[in-house]
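The values are calculated or read from the model by the stated rules, or taken from the named source; none is laboratory data. Keep in mind that this is a model prediction, so the values were computed, not measured. Here the Cβ positions follow ideal geometry from the backbone for every residue, glycine too, while neighbour counts run over all protein chains shown. To get the accessible areas, we keep the full protein, side chains included, count just its heavy atoms, and leave off ligands, DNA and RNA. Shrake-Rupley method; radii C 1.70, N 1.55, O 1.52, S 1.80 Å.
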Amino acid sequence: MGNFLAGRVVAVTGAGRGIGRAVALAAAAEGAKVIVNDYGVSIGGGEPSSEVAAAVVKEIEAAGGSATAVADDVSTMAGGQRIVDTALARYGRLDGVVCVAGILRERMLFNMSEEEWDPVVATHLKGTFTVFRAAAAVMRRQKSGTLIGFTSGNHQGSVAQANYASAKGGIISLVRSAALGLHKYGVTANAVAPVARTRMSANVPMELKEIGEPEDVAAFVVYLLSERARADGVTGQVYTVAGPKIAVWAQPRELRSVYADEGGWTPERVAEAVPRSVGVDPMPMLAQLEEMARAAAAKERPNV
Ligand SMILES: NC(=O)c1ccc[n+]([C@@H]2O[C@H](COP(=O)([O-])OP(=O)(O)OC[C@H]3O[C@@H](n4cnc5c(N)ncnc54)[C@H](O)[C@@H]3O)[C@@H](O)[C@H]2O)c1
């Protein structure tokens, strides 16, 4: 056991499987007391079971750690609140929350139904809000704490997962809002975009060039939860963790601008000025799609 998180209390959602489970085990191994939340559902969000969270609690206890299971659905306000209330009732404080829970319902946008959109956005985006909301109230009083959301490289856009990509983009804005809104209370907020072998990544049709294990992501999350990251002033950031690689994403900012002359904008003046002086910022994901189409036609491996 290490002591990166000695005496800390950390809640992890989606902690029954995959990356969440690795985060819960790693946090416990570093001395944290852990709330293990998992609704125990299939990859599409069905057939809930409380055994999935309970099994990880047993693993942590068997290794000499302390953990408590909460098998609630994070997409409900009551579920988010119960995770936080359980931490307070059982351990008396809450130092970090890590919102990892997620599901997938893949469909092209033109065929996507409300039943495919709503639960995905509810689990990822609202499921991060419900926990952040309840935890932020406690951390504001405590004047310390760390909020961690899970996003994806797919926040840049996705061919067949507009629901998932939209939720993941929303999580980044939620994290940045939390970082801004809670800064004066000493609370930090960051997002992690992982690439790791789990049942969820097994769903990706193409072979990923950069991928690692859930444990790689867990080591990074332990750092983010620790005093070391707080001392380093880490907040409002988005990090990718893919096996041996850790990368920080740029903050969104305006690239180029043009101002109207005295008479203001007309469609004609826009059409003249914008292509000349503002232009476009080429979309990397679109270039990847084109390379994949080229490689498929040439029966080659895509260079993405
Ligand atoms: N694996 C990757 O390469 C990858 C890539 C990008 C993003 N992510 C993100 O990382 C996170 C973890 O993914 P994973 O690959 O470990 O997936 P996973 O399917 O292995 O685990 C997700 C867990 O979340 C739980 N869950 C689902 N809905 C829930 C709910 N409403 N309430 C509580 N728990 C719920 C599931 O029961 C499951 O145990 C997800 O947010 C995912 O979108 C993963």
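Assorted remarks:
- Residue match in region 277-285 (condition: in contact (Cβ under 8 Å) with a residue 40 or more places away in the chain and among the hydroxyl-bearing types (Ser, Thr, Tyr)): no
- The residues of region 15-36 that are among the small types (Gly, Ala, Ser) and within 13 Å of the ligand (Cβ to nearest atom), listed by number, are 15, 16, 18, 20, 22, 24.
Residue by residue, here is whether (1) open to solvent by 50 Å² or more (accessible area, probe 1.4 Å); (2) not acidic (Asp, Glu) holds:
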site: 218; (1), (2): no, yes
site: 228; (1), (2): yes, yes
site: 234; (1), (2): no, yes
site: 239; (1), (2): no, yes
site: 260; (1), (2): no, yes
site: 269; (1), (2): yes, yes
site: 272; (1), (2): yes, no
site: 276; (1), (2): yes, yes
site: 288; (1), (2): yes, yes
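- Among the conditions (1) more than 23 Å from residue 160 (Cα to Cα); (2) of a type in the set (S, T, N, Q); (3) touching a residue at least 60 places away in the same chain (Cβ under 8 Å), residue 188 misses just one, which is (3).
- Residue 9 closer than 16 Å to residue 146 by Cα, open to solvent by less than 20 Å² (accessible area, probe 1.4 Å) and either of a type in the set (Val, Ile, Thr) or within 8 Å of the ligand (Cβ to nearest atom) (or both): yes
- Answer residue from region 177-208, given it is within 9 Å of the ligand (Cβ to nearest atom) and buried (at least 24 other Cβ atoms within 10 Å of the Cβ) and is farthest from the chain's Cα centre (by Cα) among those: 194
- Number of positions in region 37-75 that are more than 10 Å from the ligand (Cβ to nearest atom) and either aliphatic (A, V, I, L, M) or in a strand (DSSP E or B) (or both): 9
- Given (1) of a type outside the set (Ser, Thr, Tyr); (2) within 29 Å of residue 7 (Cα to Cα); (3) open to solvent by less than 60 Å² (accessible area, probe 1.4 Å), index of the condition residue 211 fails: (2)
- Selection from region 100-141 of residues that are outside any helix (DSSP H, G or I) and open to solvent by less than 30 Å² (accessible area, probe 1.4 Å): 100, 101, 102, 103, 104
- The condition (being open to solvent by 10 Å² or more (accessible area, probe 1.4 Å) and either under 29 Å from residue 91 (Cβ atoms) or over 14 Å from the mean Cα position of the chain (by Cα) (or both)) is satisfied by just one residue among 147, 224, 174: 174.
- Test: residue 77 is open to solvent by 30 Å² or more (accessible area, probe 1.4 Å), modelled with pLDDT of 95 or more and in contact with a helix residue (DSSP H, G or I) (Cβ under 6 Å, 6 or more places away or on another chain): yes
- Where a residue in region 78-89 is among the small types (Gly, Ala, Ser) and its partner, wherever it lies, is open to solvent by 30 Å² or more (accessible area, probe 1.4 Å), with Cβ under 6 Å and at least six apart: 79/72; 79/73
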